[in-house]
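Structure first, then comments.
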Amino acid sequence: MSELLRVSGVVAGYGSGPAILNGSDLTVEPGKIHCIIGPNGAGKSTLLKAIVGILKPREGEVVFEGERLNGMRPDQVLRRGIAFVPQERALFPKMSVRENLRMGGFVLDDRVELQRRIDEVLERFPVLKERADQLAGTMSGGQQQTLSMARAMLLRPKIVMLDEPSLGLAPKIVQDMFDIMKMLRDEGATILLVEQNAMMGLKNSDWGVVLDLGRTLFEGPAKEILSDPRIQELYLGGRSSAAA
Ligand SMILES: Nc1ncnc2c1ncn2[C@@H]1O[C@H](COP(=O)(O)OP(=O)(O)OP(=O)(O)O)[C@@H](O)[C@H]1O
Ligand SMILES: [Mg+2]
């Protein structure tokens with residue numbers, strides 16, 4: 001099994017507060033969609049923050065391509081190829097689509113290359129090209145999420161991490177977002193996402209991670225998790241809805 005990122009036994013919390021993560025593990029393999037599920041407050045967002053350097057692990061290890069990331073700053077982690085789209089999406093609402101893309105490329109020193117990549121991204125996502133000069137804050141939720149993903153892809157990251165990309169979107173649009181992720185995956189991208197709707201997330205992913213009380217309870221192929229009676233009972237709303 002080739003792995004790109006491995007989190008093992010990570011303990012982390014906010015400031016001097018209690019540990020929120022109490023031994024979280026996670027494996028990310030190239031070219032797959034990985035989905036972290038778990039109840040509210042389980043520590044899903046905290047786990048992503050501990051990977052990208054917003055929080056420093058107190059114990060355990062985050063290893064990316066054989067290199068320890070523990071203690072690196074978010075910009076250092078980004079430069080190594082891990083892009084992060086936070087739960088709140090972090091777009092600049094008063095800037096246009098094109099300006100938001102430009103801001104996303106701030107770590108690229110080569111302006112000409114940045115412009116080339118922006119044009120390329122706009123070609124890939126026609127919905128954004130049509131709205132290149134529109135202010136991001138005036139777009140629909142789905143369009144804003146598409147922009148967040150496109151902006152992350154601009155840096156050609158080795159892993160894209162998305163915290164609740166479906167948040168606040170209508171069900172049909174949620175499927176569109178998963179279809180974009182699958183398109184990116186089929187082109188070779190590696191994706192790690194957190195999804196509140198566990199069923200939906202796992203059905204659209206290759207690999208699943210069940211997190212509760214800051215601990216990884218299980219990780220494995222998404223299909224296995226979907227068919228595990230205990231996980232169905234505890235995290236997928238019981239057998240009947242799991243079969244739906
Ligand atoms: N900035 C913060 N400062 C202190 N505690 C925090 C902070 N952010 C989150 N927490 C606490 O960490 C715990 C886990 O939160 P986290 O946001 O990681 O959960 P989550 O699994 O992402 O939940 P949700 O599904 O609601 O997004 C919660 O008890 C929360 O109150
Ligand atoms: Mg969260």
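Give the residue, chosen from M181, M177, that is away from ligand 1 (no atom under 16 Å from the Cβ), in contact with a Gly (Cβ under 9 Å, 6 or more places away or on another chain), touching a residue at least 12 places away in the same chain (Cβ under 8 Å) and of a type in the set (A, V, I, L, M, F, W, C). Every option except M177 fails the conditions.
With respect to L147, determine if the residue is in a strand (DSSP E or B) and open to solvent by less than 60 Å² (accessible area, probe 1.4 Å). When the stated conditions are applied, L147 does not pass them. Just checking, does the range 116-124 include any residue being under 20 Å from A198 (Cβ atoms), open to solvent by less than 50 Å² (accessible area, probe 1.4 Å), hydrophobic (A, V, I, L, M, F, W, C) and in contact with a helix residue (DSSP H, G or I) (Cβ under 6 Å, 6 or more places away or on another chain)? There is no residue in the range 116-124 that is under 20 Å from A198 (Cβ atoms), open to solvent by less than 50 Å² (accessible area, probe 1.4 Å), hydrophobic (A, V, I, L, M, F, W, C) and in contact with a helix residue (DSSP H, G or I) (Cβ under 6 Å, 6 or more places away or on another chain). Inspect all residues belonging to the range 153-162 and state whether any of them is modelled with pLDDT of 95 or more, within 16 Å of ligand 2 (Cβ to nearest atom) and either among the charged types (D, E, K, R) or not in a helix (DSSP H, G or I) (or both). Checked the range 153-162: at least one residue is modelled with pLDDT of 95 or more, within 16 Å of ligand 2 (Cβ to nearest atom) and either among the charged types (D, E, K, R) or not in a helix (DSSP H, G or I) (or both). Screening the range 11-26 for residues that are away from ligand 2 (no atom under 16 Å from the Cβ) and in contact with a Leu (Cβ under 8 Å, 6 or more places away or on another chain) and picking the one that is nearest to A222 (Cα to Cα) gives N22. Taking every residue in the range 218-235 that is among the aromatic types (F, W, Y) and pairing it with any residue that is modelled with pLDDT of 90 or more and in a helix (DSSP H, G or I), at least 6 positions away or on another chain, the pairs with Cβ-Cβ distances below 6 Å are Y235/A198.
Against the condition assigned to a loop (DSSP other than H, G, I, E, B), open to solvent by less than 50 Å² (accessible area, probe 1.4 Å), outside the structural domain of C35 (by TED's automatic domain parsing) and touching a helix residue (DSSP H, G or I) at 6+ places or on another chain (Cβ under 8 Å), how does A132 come out, does it pass?
Working: assigned to a loop (DSSP other than H, G, I, E, B): yes; open to solvent by less than 50 Å² (accessible area, probe 1.4 Å): yes; outside the structural domain of C35 (by TED's automatic domain parsing): yes; touching a helix residue (DSSP H, G or I) at 6+ places or on another chain (Cβ under 8 Å): yes.
In short, yes.
Considering only the range 27-43, state which residues are within 16 Å of ligand 2 (Cβ to nearest atom) and on the phi > 0 side of the Ramachandran plot.
Going residue by residue through the range 27-43, those that are within 16 Å of ligand 2 (Cβ to nearest atom) are 34-43.
Within the range 27-43, G38, G41, G43 meet the criteria.
Screening the range 1-110 for helices (runs of 4 or more DSSP H) wholly inside it with 3 or more residues that are within 16 Å of ligand 1 (Cβ to nearest atom) and either assigned by TED's automatic domain parsing to the domain that holds L193 or surrounded by fewer than 15 Cβ atoms within 10 Å (Cβ to Cβ) (or both) returns the ranges 44-52.
The values are calculated or read from the model by the stated rules, or taken from the named source; none is laboratory data. Predicted model only: the values in this text are computed from it and were never measured. Neighbour counts are summed over all protein chains in view; Cβ atoms, including those assigned to glycine, are modelled from backbone coordinates with ideal geometry. Note: accessible area is taken over every heavy atom of the protein model, side chains too, but ligands, DNA and RNA are not part of it. Shrake-Rupley method; radii C 1.70, N 1.55, O 1.52, S 1.80 Å.
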